[in-house]
């Protein structure tokens, strides 16, 4: 925990020393570096603001800093050699819960310094100008879409907000909303940030309006903020079709399978778009 506190303090010092321009935030540990490398190559093709990587172990930190990538070490023993197999046993849930708490802490710290933040999982692959898509959407918070977890809310709404790719515009109101969400997350045993976020919105009696066929939007009067959710024609976890800005597959198995499945889906999409996958 001491290493994480030190890293967060260092991150705060860095953020306070720079202009309050938007930040792209991603987390990675050593086992996921092959997936991150695919994500990073695609990210570099598309225009985007400053990238900040949170390395969850020392090997990943050393690898990324040697490559000149802005990186902060915020690891602990739980993240060493951790690879989610999507089996969600007791150990996997415990480690993922710590990651989600760390993610919320980092995002809250970035917001507190006055910057907008676009968070992306390292397996939410950027196939188009994701930053432009999110930043030009007239909403205080913009999320990608999912359809499974938490299932009860997905059945009620027909979708749920995905925590794997989202953007928060910095304001007093969004900081208040995210702070309340983070407090809920911290008070939940073995939390899933995606479950907690959607349950939070559900308890606020959120009502969604469909726009542009597949997108959704709402206004939270309590916080005076708007939230938009992109349909899966723009950011998808399953669909592989022309026009996707981001492909965020549900990756199971070991790292070789994750890489193979990632590249298979990306090649299918980019092949239709006449782009080459970067080396």
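Give 205, 170 a once-over and let me know the one that is assigned to a loop (DSSP other than H, G, I, E, B), in contact with a strand residue (DSSP E or B) (Cβ under 9 Å, 6 or more places away or on another chain) and either modelled with pLDDT of 95 or more or more than 19 Å from residue 246 (Cα to Cα) (or both).
On the way: 205 fails: in contact with a strand residue (DSSP E or B) (Cβ under 9 Å, 6 or more places away or on another chain).
Unique residue meeting the criteria: 170.
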Legend entry - Scope the stretch 62-80; condition surrounded by fewer than 18 Cβ atoms within 10 Å (Cβ to Cβ) and at pLDDT 75 or above; matching residues: 62, 65, 66, 67, 68, 69, 70
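On the basis of being assigned to a strand (DSSP E or B) and at pLDDT 85 or above, does residue 228 make the cut? Working first, answer last.
Values: assigned to a strand (DSSP E or B): yes; at pLDDT 85 or above: yes.
Taking the combined requirement at face value, the residue satisfies it.
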Inset, instruction - Filter the stretch 154-189 down to residues that are in contact with a helix residue (DSSP H, G or I) (Cβ under 6 Å, 6 or more places away or on another chain), closer than 16 Å to residue 204 by Cα and free of Cβ contacts under 8 Å to residues at least 40 places away in the same chain and give me whichever is surrounded by the fewest Cβ atoms within 10 Å (Cβ to Cβ). - result: 184
Legend entry - Considering residues of the stretch 105-125 that are under 13 Å from the mean Cα position of the chain (by Cα) and closer than 23 Å to residue 20 by Cβ only, the residue modelled with the lowest pLDDT: 106
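Just to be sure, is residue 213 more than 28 Å from residue 92 (Cα to Cα) and at pLDDT below 95?
Working: more than 28 Å from residue 92 (Cα to Cα): yes; at pLDDT below 95: yes.
Here the answer is yes, as residue 213 does meet what is asked.
The values are calculated or read from the model by the stated rules, or taken from the named source; none is laboratory data. Predicted model, so just to flag it, every value in this text is computed and none were measured. Ideal geometry is used to build each Cβ from the backbone, glycine not excepted, and the neighbour counts take in all protein chains shown.
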